[in-house]
Amino acid sequence: MHIPDNYLSPSTCATFGVVMIPIWRKAVKNVKEQINRKKMPLIGLCSAFSFLVMMFNVPVPGGTTAHAVGASLIAILLGPSAAILSVTITLLIQALLFGDGGLLSFGANAFNMAFVIPVTAYYIYRFIKGNSKSEKRDFVSAFIAGYISINIAAMCAAIEFGIQPILFKDTNGMPLYSPYSIKTTLWAMMIPHLLVVGFIEGSVCGGVLAYLRKVSPKVVVESQPIKFLSLKFLIVLLMLLCPIGLIASGSAFGEWGNDQIKSMLGYLPKGMQQGFSFKALFSSYSIHGISSIIGYIICGIIGVVAILIIFKLIGKQLEKNIDDDRGNKIV
């Protein structure tokens with residue numbers, strides 16, 4: 001679901017960037033008001049969790065691969081605003097360090113995974129669960145929320161791909177960017193997510209929530225935070241197991257490089273030929289001269305550390321802002 005650069009037109013990318021600006025602003029404002037500085041490291045751990053979950057690629061119908069996102073779980077635990085901020089930072093690290101998702105298409109990726117999934121999952125979960133205290137109802141609500149939300153996000157990505165050849169063509173009528181019709185993209189995106197990925201996202205959401213409820217019974221959005229040790233253990237375990245994601249060979253739909261596109265189509269759309277190019281330091285989660293398995297683990301560690309550092313800095317800035325506000329009130 002990570003849309004690379006040059007699959008979407010610059011105007012499409014700009015549109016999603018503009019759409020996300022007020023969403024990010026509102027999310028940051030809500031987090032400042034709702035999340036105290038002691039809970040900020042928790043958002044960082046949740047962001048690291050999402051990063052690692054996305055490293056577990058699985059084979060899906062059509063010969064491609066896909067992965068869960070984990071955004072639905074974060075929204076249920078901490079609220080949609082914290083999830084928006086958390087997954088946005090994850091996507092930024094993925095794009096900058098690992099070339100997973102484009103820089104120009106960052107707004108579109110954030111819209112799909114950092115906005116659509118958390119917001120839809122949160123409200124679906126709250127609607128289905130209601131006031132029930134049942135653990136079974138809790139799991140079912142979380143599972144359904146995860147399943148539906150990632151499928152809605154996949155549909156959004158399919159539409160974004162599919163409208164490109166309709167809106168953007170060269171003088172010969174050939175697609176400038178993503179060359180696949182909306183009928184093709186909907187089938188290619190929705191079948192794997194409806195049959196496989198939705199169940200994985202739902203299982204991750206419901207299963208991890210149930211685990212965290214066991215170790216921290218009062219973990220809800222309005223109540224006490226998760227015991228950090230339980231989530232840290234989960235993250236360390238995911239880092240060690242992340243090479244499992246290498247078993248699934250091939251790229252996800254719409255994440256092919258230019259050479260792959262050309263070999264499949266027999267030509268390369270002009271917008272892709274002349275598009276933006278960025279070489280990430282650890283492109284494709286690999287490190288030159290190191291085996292793929294060890295390199296994948298190291299990249300997982302690098303990503304987690306980078307995310308935790310960012311949230312540490314955000315927490316310090318939040319603490320500084322709170323101290324400044326107190327100082328101004330005293331004066």
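The values are calculated or read from the model by the stated rules, or taken from the named source; none is laboratory data. Every value quoted in this text rests on a predicted model; they were computed, and no experiment measured them. Using ideal geometry, Cβ is built from the backbone for each residue, glycine included, and neighbour counts are taken over all protein chains shown.
Overview of results
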| read-out | value |
| --- | --- |
| Selection count, region 43-58, where residues are in a helix (DSSP H, G or I), within 13 Å of the chain's Cα centre (by Cα) and of a type in the set (A, V, I, L, M) | 3 |
| Residue list for region 181-200, restricted to those being crowded, with 21+ Cβ neighbours inside 10 Å and hydroxyl-bearing (Ser, Thr, Tyr) | THR185 |
| Selection count, region 1-20, where residues are over 9 Å from GLY107 (Cα atoms) and part of a helix (DSSP H, G or I) | 3 |
| Unmet requirement for PHE127, which otherwise passes all of (1) surrounded by fewer than 18 Cβ atoms within 10 Å (Cβ to Cβ); (2) at pLDDT 95 or above; (3) in contact with a Gly (Cβ under 9 Å, 6 or more places away or on another chain) | (3) |
| Subset tally (residues that are outside any helix (DSSP H, G or I) and either of a type in the set (Ser, Thr, Tyr) or in contact (Cβ under 8 Å) with a residue 60 or more places away in the chain (or both)) for region 283-309 | 2 |
| Matching residues, region 10-43, being touching a Leu at 6+ places or on another chain (Cβ under 7 Å), surrounded by 18 or more Cβ atoms within 10 Å (Cβ to Cβ) and either at pLDDT 90 or above or of a type in the set (Asp, Glu) (or both) | CYS13, ALA27 |
| Criterion violated by ASN6 - all others in (1) under 25 Å from CYS205 (Cα atoms); (2) touching a Pro at 6+ places or on another chain (Cβ under 9 Å); (3) not charged (D, E, K, R) satisfied | (1) |
| Positions within region 268-282 being closer than 22 Å to TYR177 by Cβ and either outside any loop (DSSP other than H, G, I, E, B) or touching a residue at least 12 places away in the same chain (Cβ under 8 Å) (or both), in sequence order | PRO269, LYS270, GLY271, MET272, GLN273, GLY275, PHE276, SER277, PHE278, LYS279, ALA280 |
| Lone qualifier among LEU194, LEU176 - being within 17 Å of TYR7 (Cβ to Cβ) and touching a helix residue (DSSP H, G or I) at 6+ places or on another chain (Cβ under 7 Å) | LEU176 |
| All positions within region 144-180 that are part of a loop (DSSP other than H, G, I, E, B) and among the small types (Gly, Ala, Ser) | GLY173, SER178 |
| Unique residue being modelled with pLDDT under 80, out of contact with any Lys or Arg (no Cβ under 7 Å at 6 or more places or on another chain) and either farther than 25 Å from ALA66 by Cβ or of a type in the set (Gly, Ala, Ser) (or both) when the list is SER216, SER223 | SER223 |
| In region 261-301, residue surrounded by the most Cβ atoms within 10 Å (Cβ to Cβ) [restricted to those that are of a type in the set (A, V, I, L, M) and within 19 Å of ASP5 (Cα to Cα)] | MET272 |
| Single unsatisfied condition, ALA210 versus (1) in contact with an Asp or Glu (Cβ under 9 Å, 6 or more places away or on another chain); (2) closer than 25 Å to GLY275 by Cα; (3) at pLDDT below 95 | (2) |
